[in-house]
Amino acid sequence: MQNIDEFFRQSYYNNLRILLTVCGIWPFQGLRKRYAMYVGSSVLFGFTIILQTLCMIKVWPDFFEVFDCLTMLFYTLTSTIKLIYSVYKLPKIKMLLVNIREHWCSPKSNGEAKILRSHVLFARKFGYIYSGGLFIYVIIYAFTPLVVKFYYKKNTLNKTQDTEVNSDPHISYLLDLQMQHTPLFIQGASAEICLTVLLFSFNVLYLVCVQHCCGLFEALKYHLENGFEFRKNDDDIMTTSMQNKCYSNIAYGVRRHTEAVQFAMAIESLYRLPFFMHMTINVSLLSIVGAQVINDTENIGRLMPYGTYLSGLVLNTFFENWQGQKILDCNEKVYNAAYNLEWYKMPIMSQKLLIMIMMRSKKPVTITAGKVLVLSYVTFNSKLS
């Protein structure tokens, strides 16, 4: 275990290790530290859910105010369930990380190692961009009420009170805002930041796993395109050593393809349920938040947070479907590479093994949401239409 942790610490995956450690879902972390993080997260998220529920009860007759509360309540519940699910699926997360290490430590050509390295570097760089973008979104959303409060500071007391109630719906609980505004604001902002850190940690793990899986497919494609040499004269008979080399190369490809497919299936198994929940809730949230944005186009205090929330929701939905599409495309490239080989020059046994690769790669390798929706560009377009 210690060697695996050291591998991730000294590799390009160190940013992933840090994010998962902060959230308490790094499987190689000490039990005491993980349990302490679970207790702290449970208290913070549970307190937030209770206050948001009380807020919704308070404003129940007001249709739009209920929507305001439901937006953040859905977000908090979704993130909390993801944390519980991640803790429950910690052995599967550990298995994925162990498989990544084994793939890196297994023998491979320089070209294949270069391809894997390029994919993990892309995952690392894009992970920084994705995490930074989401963090900016949550800062804008969380601190908009504070900005609005100072912006309208010169107004009369009654107008200021109305502005605070309308511009800060996600922390206007059953308490007096004039007396409790600062502690409520700190609690609300802290909860939103923690929930977002949990969200992009879970998604960065998804990004890293998908990119590693795409790297396996791309490395196999490279092997199929460059791992075979045939005589230019078709009449020449292949020597025994050439036949054995061809057979071993195809057998190596079959093994690598099996590893890539199994790794993709493990990703799909881990993310199947949370993506189904996420996609189902997102359909409602897109409608709710879209209605809020349209209704509050003239109120900057409400337009800014909900416009930010809506754009972040769309970008996050696109991100999940984009990564699912990448696995589909990379698996299809393996089929094309195998089909374009000069299979007719291979020995019979090698041809039979090549057919195994072609038959399996012809079947799409997908990431699904509850085995109902296939994450792809088509699904993303259908959700927005």
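The values are calculated or read from the model by the stated rules, or taken from the named source; none is laboratory data. Keep in mind that what you see is a predicted model, and the values were worked out from it rather than measured. Reconstructed Cβ throughout: ideal geometry from the backbone, glycine too, with neighbour counts over all protein chains shown. Please note that ligands, DNA and RNA were not included when accessible areas were found on the heavy atoms of the full protein model with its side chains. Shrake-Rupley method; radii C 1.70, N 1.55, O 1.52, S 1.80 Å.
Residues checked against (1) closer than 18 Å to THR71 by Cα; (2) at pLDDT 90 or above:
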{"residue": "MET279", "(1), (2)": "yes, no"}
{"residue": "THR297", "(1), (2)": "yes, no"}
{"residue": "GLU342", "(1), (2)": "no, no"}
{"residue": "MET359", "(1), (2)": "no, yes"}
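Looking only at residues that are open to solvent by 20 Å² or more (accessible area, probe 1.4 Å) and out of contact with any strand residue (DSSP E or B) (no Cβ under 9 Å at 6 or more places or on another chain) in the stretch 326-340, which one is farthest from PHE67 (Cα to Cα)?
Filtering first and then ranking leaves ASN340.
Does VAL378 fit the bill of being without any contact (Cβ under 8 Å) to a residue 12 or more places away in the chain and not small (Gly, Ala, Ser)?
Against the criterion (without any contact (Cβ under 8 Å) to a residue 12 or more places away in the chain and not small (Gly, Ala, Ser)), VAL378 qualifies.
Collect the residues in the stretch 351-368 that are in a loop (DSSP other than H, G, I, E, B) and either without any contact (Cβ under 8 Å) to a residue 60 or more places away in the chain or more than 29 Å from the chain's Cα centre (by Cα) (or both), keeping them in residue-number order. Steps first, please.
Pass one, the stretch 351-368, residues in a loop (DSSP other than H, G, I, E, B): 363-367.
LYS363, PRO364 - these are the residues of the stretch 351-368 that are in a loop (DSSP other than H, G, I, E, B) and either without any contact (Cβ under 8 Å) to a residue 60 or more places away in the chain or more than 29 Å from the chain's Cα centre (by Cα) (or both).
Tell me whether the stretch 273-293 contains one or more residues that are small (Gly, Ala, Ser) and open to solvent by 60 Å² or more (accessible area, probe 1.4 Å).
Among the residues of the stretch 273-293, at least one is small (Gly, Ala, Ser) and open to solvent by 60 Å² or more (accessible area, probe 1.4 Å), which makes the answer yes.
Taking GLU164, is it at pLDDT below 70, on the phi < 0 side of the Ramachandran plot, touching a His at 6+ places or on another chain (Cβ under 8 Å) and surrounded by 14 or more Cβ atoms within 10 Å (Cβ to Cβ)?
yes
For (1) open to solvent by 60 Å² or more (accessible area, probe 1.4 Å); (2) touching a strand residue (DSSP E or B) at 6+ places or on another chain (Cβ under 6 Å); (3) at pLDDT below 85; (4) on the phi > 0 side of the Ramachandran plot, each residue gets a yes or a no:
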residue	(1), (2), (3), (4)
GLN29	no, no, no, no
TYR35	yes, no, no, no
LYS58	yes, no, yes, no
PRO61	yes, no, yes, no
PHE67	no, no, yes, no
ILE81	yes, no, no, no
TYR88	yes, no, no, no
LEU116	no, no, no, no
LEU121	no, no, no, no
